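The values are calculated or read from the model by the stated rules, or taken from the named source; none is laboratory data. None of these values were measured; they are calculated from a predicted model. Quick reminder, even Gly has a Cβ in these numbers, built from the backbone with ideal geometry, and neighbours come from all protein chains shown. Side chains are part of the model used for accessible areas, which takes the heavy atoms of the whole protein and leaves out ligands, DNA and RNA. Shrake-Rupley method; radii C 1.70, N 1.55, O 1.52, S 1.80 Å.
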Amino acid sequence: MKTKRIVCEIIAFLLFALLLVYTCSFLSKAYMPERESYGSTWNMYLNEEKDSVNVMFFGSSMAYCDIVPARIYENTGLPSYVMTAPEMTIPQSYYYIKESIKTQSPDVIFVELSSMFFPDYSSHTAETVGFMPYSANRIAATFETAEPQARFSLMFPLYKYHDRWQEVSPLKKRADDRVDVFAGYTPTIGVFEALDARREWTFDSTGVKLDKNKEYLRKIEKLCKDKNIELVFFLAPACSNYSAENLAIIKDAVKGSAFIDFNDEFESIGFDMKTDFYDPLHLNITGATKFSARLSEYITENFFLSPKEHDEKLWQDRITAINELEQQN
C-alpha cells in the first residue's frame, strides 16, 4: 500500500508540474506583446505554409527594411521570406536559421553581414530571442547570445510580461496570429534627405567579439552544407560606405563562401539618396523595390530554382499590398 501511495503521489506531482508548465506557456504567449513588424515576427512566420519558400534572408534591420519578398516573387516567381530581428547578431542569425528550417526547406539562404561589427549583446535581445518559439534553439540562444541579466526573463517570459494581465485577455486572438502579408518585410515610408554624398560608416568596437562572430559564421556554413542549402553572405546597400579595413575583415571572414557587397553596385542599381532612403542605413519602400529587383537578378543568374508549391493568391495579394504602399511614398 505504501508503494502504491508513493507512485500515486509521484504521478500526481508530475501531472501538476505538466499542467503548471502548460498554463505558464499559454499565459506567456497570451501576455507577450503582439509583433507584426520590425523583425522577430515568429508568430506570423509559423503561419506560413510549410515548405513553401525557396529563398530566405537573415540578418538585422538592414534586411527587413531593404528586402521585399513580394517584388522578388513578382520578378522571379519564387517565394521568399525575411526572418530577421533588430540589431540581430551573427550568433543569433545562426539560431534563427536553425529554428526557421524546422518548417521551411529553402534552397538558398542569404545572410546580411553588417552585424559583424555589432556588440556581442544587442540592445534588442528581448525582442530577438524573446519572440522565438520556446525550443532548444531559443534556450541555446538565451545562454549563448543574451546578456546574463536578461536570461531569466527570456527563460520565463511570464515574469517579464505578467503585468499585462489587466490589458490583455488570454482568450483573445492575437493580431500576429496570421500569415504576414509582407513575408517578413517591414515597409518604411518617407524620405531621408540630409546627406548629399556617401560617408564612411564608423563602428564603435566596444563589446565586439570578432572571433565569436567568425566561429558562428563557420557554424552557419556547416549547417547549410549539411542541409544542402546554398549560402550567400552579403552587405546591403547604405548611404554609408564600409572602411577598407572593416571590409577586409568581412571578406576574410567569409573567404571560401559566396559573398557580394551590394554597395559596389550603388550607382548601377540606380539608388538616389534624395529619394530612396528612409535614413542613412535603411532603404525606404522605393529603394527597397530597386534593391529587390537586383536581388531577383542575382538569384536567377546564380541559381536554377523551380518554385516550391505555394499559395499563388497569397503572393498576388502580397504584390497588391506593396503596390498600394509604394504609392504613399
| task | Quickly estimate the mean residue ellipticity at 222 nm for the chain, helices only: each DSSP H run with n ≥ 4 gives -39500 (n - 2.57), and the total goes over all residues, rounded to 500. | result | -13000 deg cm²/dmol
| remark: Nearest-0.05 FRET efficiency for Asp311 and Thr3 at R0 = 56 Å, using Cβ-Cβ distance, is 0.50
| said: What does the C-alpha gyration tensor say about the overall shape of the chain? Classify as rounded when a/c is under 1.5, otherwise prolate if a/b is larger than b/c, or oblate. | reply: prolate
| task | Output the pairs from Lys98/Lys222; Lys214/Lys251; Lys102/Lys225; Lys98/Lys225 with a Cα-Cα distance over 19 Å in this structure; if there are none, say none. | result | none
| request: For the chain, report the accessible area per residue in Å² (1.4 Å probe, heavy atoms, rounded to an integer). | output: 48 Å²
| field | Dipole axis of the chain (+1 Lys, Arg; -1 Asp, Glu on Cβ), positive-most option in Asn241, Asn263, Ile220 | value | Ile220
| Which percent, to the nearest 5, of DSSP beta bridges fully inside segment 193-318 are antiparallel? | 10 percent
| Carbon and sulfur atoms: what percent of the 1.4 Å accessible area of the chain do they account for? | 55 percent
| query | Which shape class, rounded, prolate or oblate, goes with segment 258-322 when its Cα gyration tensor gives a ≥ b ≥ c as root eigenvalues, a/c under 1.5 marks rounded, and past that a/b bigger than b/c marks prolate? | reply | oblate
| Contour minus end-to-end for Ala197 and Thr300, with contour as 0.36 nm per residue of separation and end-to-end as the Cα-Cα distance? | 33.9 nm
| said: Under 20 Å between alpha carbons, and skipping anything fewer than 8 positions from Lys274 in its own chain: which aspartates and glutamates qualify? | reply: Asp66, Glu193, Asp196, Glu200, Asp264, Glu265, Glu326
| message | Explain nothing, just the number: dipole magnitude of the chain about its Cα centre with +1 on each Lys and Arg Cβ and -1 on each Asp and Glu Cβ, in debye rounded to the nearest 20. | response | 1860 debye
| said: Going by average Cβ density within 10 Å per residue, which order do the peptides 216-223, 147-154 take, highest to lowest? | reply: 216-223, 147-154
| GNM top mover of Thr145, Thr128, Thr275 - the chain, alpha-carbon springs below 10 Å | Thr275
| query | Counting only the backbone N, which residues of segment 302-329 are under 20 Å from the spot 7 Å out from the Cα of Ala175 toward its beta-carbon? | reply | 318, 321-322, 324-326
| task | Pick out which of Ala63, Ala140, Ala238 has the largest mean-square fluctuation in a Gaussian network model of the chain, springs linking Cα atoms closer than 10 Å. | result | Ala140
| query | How far is it, in nm, from the label point at Glu221 to the one at Thr103 when both lie 7 Å from their Cα along the line to the Cβ? | reply | 3.1 nm
| query | How many percent of DSSP beta bridges within the chain run antiparallel, rounded to 5? | reply | 5 percent
| Leading residue at positive end of dipole, the chain (Cβ point charges), from Tyr185, Thr89, Phe110 | Thr89
